[in-house]
Ligand SMILES: *Cc1c(COP(=O)(O)O)cnc(C)c1O
């Protein structure tokens, strides 16, 4: 039997690591066609990134080498696999290295940049700036003059603000980022250097978003990036799936009934992991098993999945603090858009203590020289959760996968880290080193 809902609710409340299996995942077709977002939208988002390549190369010199492509490598990780104690009998481990994404330094490069580009494209078309279809011309003064009349605003715990702020200011938009109390000082500094107006709030992420939304309502030419509801963000993330599919093909990795694919995705509001899972479900159907990972003190997506539709519980409602060093995931309430779309798709959600995060952050460094931030390390316990915990083994059994695991592929998605200042990164490593080095396997 899948995990029992009441025992999951107890683990959730008591902040003990747990793996919840989604009883509502559909087996026949994971994508519910009645929903507002359709598979075609995934291709549209991919095409938008392609159209903007010439402009992105002009705006960001770091993208010249890739021709304006913002993508990350898919890495083999044999040393990490051994260190995590994942036997080859359970499959092969790969890392999707979004911690190295250019421009934004995190997975937010996908969603955040997509939404700003979509807004810019709409304005450009409306103002006749794209007549020759020359996207690079949007870096010209005439286009900037149009963009400058408009404001882009967002609420963030840090990384979304960085992504939106960097791209919107590069295009010439007036840009306002409302930062929650969790946001790191260096992220605010980085934005101020680009003339982004950073407004600091004492409250949590939901407060920062609410403040941004209020401000946007009072400004006539303001586009508010609404992380709790935006389909453009969601679709920007989904574009990653097509690229992952190509990378798996290049590596000769099959995905079918005999070769299941497991993907472990750090989850805040659920937009990034949800968009990616949506795209992967489109390409691989029931053969992809997406598990979301959350901090034990901020499991807003799990809380939402345990609730009935129509209820929007926050992690405070279940008695948790929302305090975690995983600042990118310190979110009290899930995105309703992501929750509804993920109901038939997500395979499960697991929770991770901060100490485990820091151990895994260090392990990623010592084994594969990956430089990741705490939020990016919550997925590392995923393969053991699925292969060794009681609820995970029951999931594999009920899907007829137990005898096929030697042909499985596990992809751990590392979601941020590129821009973390060296001194902060060294503190993370030291914290990982100070903890007991053997990582207990879940019972
Ligand atoms: C934002 C973020 C996530 C999760 O994205 P959501 O859309 O909030 O679920 C994961 N990792 C990092 C580093 C992030 O910044």
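Bear in mind these aren't lab numbers, they're just calculated from the coordinates by the rules spelled out. Predicted model, so just to flag it, every value in this text is computed and none were measured. Heads up, the Cβs are rebuilt from the backbone with ideal geometry, glycines too, and the neighbour counts pull from every protein chain shown.
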- Check whether at least one residue in segment 52-67 is crowded, with 18+ Cβ neighbours inside 10 Å, closer than 23 Å to residue 285 by Cα and touching a residue at least 60 places away in the same chain (Cβ under 8 Å), and report yes or no. no
- Query: Restricting the search to segment 326-345, which residues are assigned to a loop (DSSP other than H, G, I, E, B) and either surrounded by fewer than 21 Cβ atoms within 10 Å (Cβ to Cβ) or within 12 Å of the ligand (Cβ to nearest atom) (or both)?
  - Reply: 326, 330, 331, 332, 333, 334, 335, 343, 344
- Hits in segment 301-320 - residues which are out of contact with any strand residue (DSSP E or B) (no Cβ under 7 Å at 6 or more places or on another chain) and either under 24 Å from residue 372 (Cα atoms) or not in a loop (DSSP other than H, G, I, E, B) (or both): 303, 304, 306
- Query: When you scan segment 241-277, how many residues do you find that are more than 12 Å from the ligand (Cβ to nearest atom), out of contact with any strand residue (DSSP E or B) (no Cβ under 8 Å at 6 or more places or on another chain) and more than 25 Å from residue 402 (Cα to Cα)?
  - Reply: 5
- Which one is farthest from the chain's Cα centre (by Cα) among residues in segment 365-388 that are assigned to a loop (DSSP other than H, G, I, E, B) and surrounded by fewer than 21 Cβ atoms within 10 Å (Cβ to Cβ)? 369
- Note on the structure: Within segment 146-162, the residues that are out of contact with any strand residue (DSSP E or B) (no Cβ under 8 Å at 6 or more places or on another chain) and either within 20 Å of residue 54 (Cβ to Cβ) or within 16 Å of the ligand (Cβ to nearest atom) (or both) are 146, 147
- Message: Given the criteria in contact (Cβ under 8 Å) with a residue 24 or more places away in the chain and more than 21 Å from residue 119 (Cβ to Cβ), does residue 271 qualify?
- Response: no
- Those residues of segment 102-134 which are within 16 Å of the ligand (Cβ to nearest atom) and surrounded by 24 or more Cβ atoms within 10 Å (Cβ to Cβ), in sequence order: 104, 106, 107, 108, 109, 110, 111, 112, 113, 114, 115, 116
- Message: Quick check on segment 140-162: of everything there that is under 23 Å from the mean Cα position of the chain (by Cα) and part of a helix (DSSP H, G or I), which residue is surrounded by the fewest Cβ atoms within 10 Å (Cβ to Cβ)?
- Response: 159
- Task: Can you work out which of the residues in segment 264-284 that are more than 12 Å from the chain's Cα centre (by Cα) and closer than 22 Å to residue 387 by Cβ is surrounded by the most Cβ atoms within 10 Å (Cβ to Cβ)?
- Result: 280
- Message: Which condition from (1) within 16 Å of the ligand (Cβ to nearest atom); (2) assigned to a helix (DSSP H, G or I) is the one that residue 137 breaks?
- Response: (1)
- Task: For segment 413-429, enumerate the residues that are crowded, with 24+ Cβ neighbours inside 10 Å and closer than 8 Å to residue 105 by Cβ.
- Result: 416, 417
- Item | Number of positions in segment 163-183 that are buried (at least 20 other Cβ atoms within 10 Å of the Cβ) and more than 21 Å from residue 48 (Cα to Cα) | 8
- Item | Identity of the residue in segment 387-398, within 19 Å of residue 285 (Cα to Cα) and touching a residue at least 60 places away in the same chain (Cβ under 8 Å), that ends up nearest to the ligand (Cβ to nearest atom) | 395
